[in-house]
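The values are calculated or read from the model by the stated rules, or taken from the named source; none is laboratory data. A quick note: this is a predicted structure, and the numbers were derived from the prediction, not measured. We place every Cβ from the backbone using ideal geometry, glycine too, and count neighbours over all the protein chains shown.
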Amino acid sequence: MNELITVESRELIAQIVKTKGECVPAIIEDVKDTLLFTKAKADMLRTAIDSIEHIEAAGEMAGAMIDQRDEAVEAQFYMKARLGEITSKMEGAVSGGSPKGKRGGGGSKLLTPESRLKRDQLSDAGIQSQHAYNAERIATNKWAVDEELTEKRGTSRGPTESGVLNRIREKEADRYANKKKTREEEHAVKQKPRLVAEYLEATKTYRAALELAIAGAKRDKFDPASWNFVAGRHVQIAKLMSELEELI
């Protein structure tokens, strides 16, 4: 079972890994065929590893197969990125968004002439639009490939394309959340006069409440169990006040 990948296959995969796919000409048919080859080898090894997972005597053999699988998967990733580099240069590239239009599927049924041209070019090459879309995302987010390989190499399941895409989605979600937060903060800043007035009014109310709490504490009116909560809240408030003072 340790010979699932022939010597010739190993040499090709090793060369792809060494050059990060650059050894394959930037011809869509060649890249597609090489991608299918590396994926088939990785899937075959993954299946073989799963079948011997619970065989105790498979130690060294399983380890060698895991190494071969990881190398095949790495080659697969590089060829996927290579494909994305090619398809992104076609008219109507899909790298900016889902080929289905709106986020999450569905989208508009109307295609621009450029999108229709690209769809036809992909169809002629035997490539689905979704596969091209994923390839382009990987091509423009190679950091995700590096992270997936670093974290998952040598594990029982190993690196996966879905793992790479999930990393990209998570970063995109964080980026979207940060942009949304920035927009909200910018909107709030535009309301500065009103915000200042509201803050000054709030400090009056807070000061009155604080003075009342002090008077109550002097008369032992506070539940002892609440002291940790009060102290923690004061630390938070003091930190925010310091931050505001530094910005003014």
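Summary table below
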{"quantity": "Contacts under 8 angstrom Cβ, first residue in segment 142-154 being in the same structural domain as Ala62 (by TED's automatic domain parsing), partner at pLDDT below 95 and not in a helix (DSSP H, G or I), 6 or more apart", "calculated": "Lys152/Gly158"}
{"quantity": "Options Arg82, Arg69: the member that is assigned by TED's automatic domain parsing to the domain that holds Gly158, at pLDDT 90 or above, crowded, with 16+ Cβ neighbours inside 10 Å and over 23 Å from Thr140 (Cα atoms)", "calculated": "Arg69"}
{"quantity": "Matching option when the condition is at pLDDT below 80, among the polar types (S, T, N, Q) and either part of a helix (DSSP H, G or I) or touching a His at 6+ places or on another chain (Cβ under 7 Å) (or both), among Ser242, Ser162, Ser226", "calculated": "Ser226"}
{"quantity": "Answer residue from segment 117-131, given it is in contact (Cβ under 8 Å) with a residue 12 or more places away in the chain and part of a loop (DSSP other than H, G, I, E, B) and is nearest to Glu29 (Cα to Cα) among those", "calculated": "Ala125"}
{"quantity": "Candidate set: segment 127-151, residues that are hydrophobic (A, V, I, L, M, F, W, C) and touching a Gly at 6+ places or on another chain (Cβ under 8 Å); chosen: the one farthest from Met79 (Cα to Cα)", "calculated": "Ala132"}
{"quantity": "Test result for Leu45, at pLDDT below 95 and within 28 Å of the chain's Cα centre (by Cα)", "calculated": "yes"}
